[in-house]
Amino acid sequence: MDTKVQQDQGRIETRREMANAIRALSMDAVQKANSGHPGLPMGMADVASVLFAEFLKFDAAAPDWPDRDRFVLSAGHGSMLLYSLLYLCGYKDMTIDEIKNFRQLGARTAGHPEYGYAQGIEMTTGPLGQGIATAVGMALAEKKLAAEFGKEIVDHYTYVLAGDGCLMEGLSHEAIDFAGHLKLSRLIVLFDDNGISIDGATSLTTSMNQLNRFESAGWDVCYVDGHDPAAIADAIANAKQTDKPSLIACKTVIGFGAPNKQGTAATHGAPLGEAEIALARETLNWNHAPFEVPEDLLKSWRSCGQRGADTRRQWQARVEAMPAARRERFEAMLGGYLGQDFQKVILALKQRFSDEQPKLATRQSSQQVLESLIDAVPGLLSGSADLSGSNGTRPANAASITPDDFSGNYIHYGVREHGMAAAMNGIALHGGYIPLSGTFLAFADYSRPAIRLGALMKQRVVHVMTHDSIGLGEDGPTHQPVEQIASLRAMPNLKVFRPADAVEVAESWACALAETDSPSVLCLTRQGVPTLRTRHRRENLCARGAYLLREPAGRRKATLLATGSEVQIALEAADMLARFGVEVAVVSMPCWELFEKQSPEYRQMVLGGECRVAIEAASPMGWERWLGRRSSVVGMTGFGASATAEDLYQHFGITAQAVHDEVRRLLQI
Ligand SMILES: Cc1ncc(C[n+]2csc(CCOP(=O)(O)OP(=O)(O)O)c2C)c(N)n1
Ligand SMILES: [Mg+2]
């Protein structure tokens, strides 16, 4: 044999040994936990070993290095693959004890990878399809940041490991279509093409030619034997060179190495069993005790973890050599800084709205707020799912991003609400930009799984959801959200804002952007609403979640609680009641979640006595928590209808008269 062949042979053997370490750790951890998914880690161990040993740019000692390559395990059930890699590469917090405690309470090694639990986990995955769609956002952020700061400073790839399930999900269609269109050439998907999912062979459910599908969407595609390290390396090297995103379909055997179970769904999501594990050890020629990796092999792996250290130091030196102002901007953007003028801009907007007292739809006042913020906040990145004009998310001074020009700050996401929400998570996770985008509130359900993942991952993402009630009028019940507000409020770690006027819109934006560890939804009207906050106050009252908008002249007999466009109805009802001699307070409640955080004394002061009427043109579900013993809700019980907004409010009885009547009924006067 000549030396080249010998070297190749040596490389293949080393890679195979390295991959076997992943296989052994994975099957043993799943066995010990008595639950988990050995099939994927064992099947994709060869691909992952080549990627981590030869391509992935990272430094295990500096997991947050901004210019690292991202690795997203979209098929999150294969978590043991990622945990094994992190342990083997020497990430500090991924100890062998963590591997032994796989899936146990308090362990970093949760059932599915959880963002924030351990370093090196780029995002939470488990809901299939989310990983690949989120990675599109990461690759988009990389391309945009590189467009601004140059390849010297921003030069990394986003790798995704996706399975059959990820590619069956509809979300994958939105993601690959969008990525292909934008020519996100640094996105490389390694498809675990094993032809197996939980119910058995994928031929049970799909006849899709994935290569053709990706190719149609503008991707570079190829097949590779997922157990041939040299072929895998060639495929990745090629993928890095193309000017399109790349799909590498890796033909693998699920559960590779388990002689009786490999290639079958039996390895997907259950421990292999002691007997099969013993046979797998023989088959793989792995003669080590559970959780033991021989020293020389661990050393090879650890050196992979350190491979990027010099590259990182060189990068650091280049950053330090940047002109001061540029470096400052780069670091501010990575830090998600809102800019020194942020508060000033918000205050100026509030002052102007209070002075001018416009009658504007809140989606329009939101657009005005964005027009001021887009210049003040360095990383603000807006967009819409094909409703730019309707959502008011495209400030007049914004510029569109196109496949060949990423210098703009506005993204046309197309009619892809789910893909958009997932991409925004990816943009936020990547760092450098603060994503916001719009669609209709009724279609929040299309985005919901990604909104949920963003909430779980504590990402600052702003979802602008306009046309927030029957007040949108003639488009009818398909477009009129009823249960969406309640269902979004039910989601942990999500802030739902429903501002009543332009001033509250400015305040809600200030809150949403200041909330660095939770996403927000801004529910905005299609129809015009009057300015209710006519006296300028510096304090951000929306930050309290709810506040007394009007205090009664005399003793408070009842409290009217309302949000958004219904606050004006509450004020009107209060006037009617006052004329009748009944003094009531009016509370605007733009954000329940923030109100919940206030002191009990403040909440009590705002909510008042036992007689309360809530007014919201939406499902009453949830309001009971803010009500007293003599209380009720004026809201919606079924779907809406197609008519003018005025007619609909009358028809569904969401009127000042109805509120007035309700208070008198409750007070029995
Ligand atoms: C949205 C979503 N639906 C269903 C599941 C449950 N689930 C987990 S893995 C899986 C099968 C995935 O098959 P594949 O991606 O081929 O993984 P493999 O069996 O090859 O490891 C399913 C249905 C999930 N995690 N997410
Ligand atoms: Mg599969």
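Of note:
- Taking the conditions (1) open to solvent by less than 10 Å² (accessible area, probe 1.4 Å); (2) within 16 Å of ligand 1 (Cβ to nearest atom); (3) closer than 30 Å to Arg302 by Cβ in turn, His156 satisfies each one other than (2).
- For the stretch 91-111, the condition holds for no residue, the condition being that it is within 16 Å of ligand 2 (Cβ to nearest atom) and closer than 30 Å to Ile434 by Cβ.
- Some residue of the stretch 260-280 being of a type in the set (Ser, Thr, Tyr), more than 16 Å from ligand 2 (Cβ to nearest atom), touching a residue at least 24 places away in the same chain (Cβ under 8 Å) and not in a loop (DSSP other than H, G, I, E, B): no
- Any chance Ala289 is free of Cβ contacts under 8 Å to residues at least 24 places away in the same chain, on the phi < 0 side of the Ramachandran plot and of a type in the set (A, V, I, L, M): yes
- For the stretch 355-366, the criterion of a residue being among the basic types (Lys, Arg) and within 30 Å of Gln527 (Cβ to Cβ) is satisfied by at least one position.
- Filter result for Tyr117 (away from ligand 1 (no atom under 16 Å from the Cβ), closer than 28 Å to Leu334 by Cβ and part of a strand (DSSP E or B)): no
- Among the criteria (1) within 16 Å of ligand 1 (Cβ to nearest atom); (2) out of contact with any strand residue (DSSP E or B) (no Cβ under 8 Å at 6 or more places or on another chain); (3) of a type outside the set (Val, Ile, Thr); (4) open to solvent by 10 Å² or more (accessible area, probe 1.4 Å), the one Asp193 does not fulfil is (2).
- On inspection, Met491 passes the criterion of being open to solvent by less than 40 Å² (accessible area, probe 1.4 Å), over 20 Å from Glu371 (Cβ atoms) and under 27 Å from the mean Cα position of the chain (by Cα).
- Residues of the stretch 87-109 that turn out to be part of a helix (DSSP H, G or I) and touching a residue at least 40 places away in the same chain (Cβ under 8 Å), as a count: 6
- Boolean, Asp64 is open to solvent by 20 Å² or more (accessible area, probe 1.4 Å) and more than 14 Å from ligand 1 (Cβ to nearest atom): yes
- Counting only strands (runs of 3 or more DSSP E) that fall entirely inside the stretch 360-441 and contain at least 2 residues that are surrounded by fewer than 24 Cβ atoms within 10 Å (Cβ to Cβ), the qualifying elements are 410-412.
- Gly170 vs. criteria open to solvent by 10 Å² or more (accessible area, probe 1.4 Å), within 16 Å of ligand 1 (Cβ to nearest atom) and either at pLDDT below 95 or more than 26 Å from Met80 (Cβ to Cβ) (or both): yes
- Out of Ala33, Ala21, sole residue that is surrounded by 14 or more Cβ atoms within 10 Å (Cβ to Cβ) and in contact with a Phe, Trp or Tyr (Cβ under 6 Å, 6 or more places away or on another chain): Ala33
- Scanning the stretch 57-89 for residues being out of contact with any strand residue (DSSP E or B) (no Cβ under 7 Å at 6 or more places or on another chain) and either away from ligand 2 (no atom under 16 Å from the Cβ) or hydrophobic (A, V, I, L, M, F, W, C) (or both) gives a total of 20.
- Top-ranked residue in the stretch 292-335 [being closer than 30 Å to Trp509 by Cα and touching a Gly at 6+ places or on another chain (Cβ under 7 Å); ranked as most open to solvent (accessible area, probe 1.4 Å)]: Leu334
- Options Ser632, Ser619; residue that is within 19 Å of Ala442 (Cα to Cα), of a type in the set (S, T, N, Q) and either touching a residue at least 24 places away in the same chain (Cβ under 8 Å) or not in a loop (DSSP other than H, G, I, E, B) (or both): Ser619
- Any hit, the stretch 29-38, residues being outside any loop (DSSP other than H, G, I, E, B), within 14 Å of ligand 1 (Cβ to nearest atom), among the hydrophobic types (A, V, I, L, M, F, W, C) and closer than 20 Å to Gln130 by Cβ: no
- With respect to the conditions (1) closer than 17 Å to Ile254 by Cα; (2) outside any strand (DSSP E or B); (3) more than 8 Å from ligand 1 (Cβ to nearest atom); (4) open to solvent by less than 40 Å² (accessible area, probe 1.4 Å), Ala175 lacks only one, and its number is (1).
- The set of residues in the stretch 208-221 that are open to solvent by 40 Å² or more (accessible area, probe 1.4 Å) and either in contact with a strand residue (DSSP E or B) (Cβ under 6 Å, 6 or more places away or on another chain) or more than 21 Å from Ala175 (Cβ to Cβ) (or both) comprises Glu215, Asp220.
- Looking only at the stretch 226-259, and only at residues there that are more than 16 Å from ligand 2 (Cβ to nearest atom), more than 33 Å from the chain's Cα centre (by Cα) and not acidic (Asp, Glu), the one that is surrounded by the fewest Cβ atoms within 10 Å (Cβ to Cβ): Pro259
- Which listed residue is in contact with a helix residue (DSSP H, G or I) (Cβ under 8 Å, 6 or more places away or on another chain) and either surrounded by 18 or more Cβ atoms within 10 Å (Cβ to Cβ) or of a type outside the set (Ser, Thr, Tyr) (or both), from Ala512, Ala574, Ala553: Ala553
- The one condition from (1) open to solvent by 40 Å² or more (accessible area, probe 1.4 Å); (2) hydroxyl-bearing (Ser, Thr, Tyr); (3) under 22 Å from Phe71 (Cβ atoms); (4) more than 16 Å from ligand 2 (Cβ to nearest atom) that Ser185 does not meet is (1).
- Test: residue in the stretch 277-291 that is surrounded by 14 or more Cβ atoms within 10 Å (Cβ to Cβ), of a type in the set (Lys, Arg) and within 16 Å of ligand 1 (Cβ to nearest atom): no
- Filter pass, Ala506 being open to solvent by 10 Å² or more (accessible area, probe 1.4 Å), in a helix (DSSP H, G or I) and in contact (Cβ under 8 Å) with a residue 60 or more places away in the chain: no
- Subset of the stretch 196-212 (residues that are in a helix (DSSP H, G or I) and either out of contact with any helix residue (DSSP H, G or I) (no Cβ under 8 Å at 6 or more places or on another chain) or away from ligand 1 (no atom under 16 Å from the Cβ) (or both)): Ser203, Leu204, Leu211, Asn212
The values are calculated or read from the model by the stated rules, or taken from the named source; none is laboratory data. Everything numeric in this text was worked out from a predicted model, so none of it was measured. Don't worry about glycine lacking a Cβ; one is built from the backbone with ideal geometry, like all the others, and counts go over all protein chains shown. The accessibility values were calculated without ligands, DNA or RNA, using every heavy atom of the protein model including side chains. Shrake-Rupley method; radii C 1.70, N 1.55, O 1.52, S 1.80 Å.
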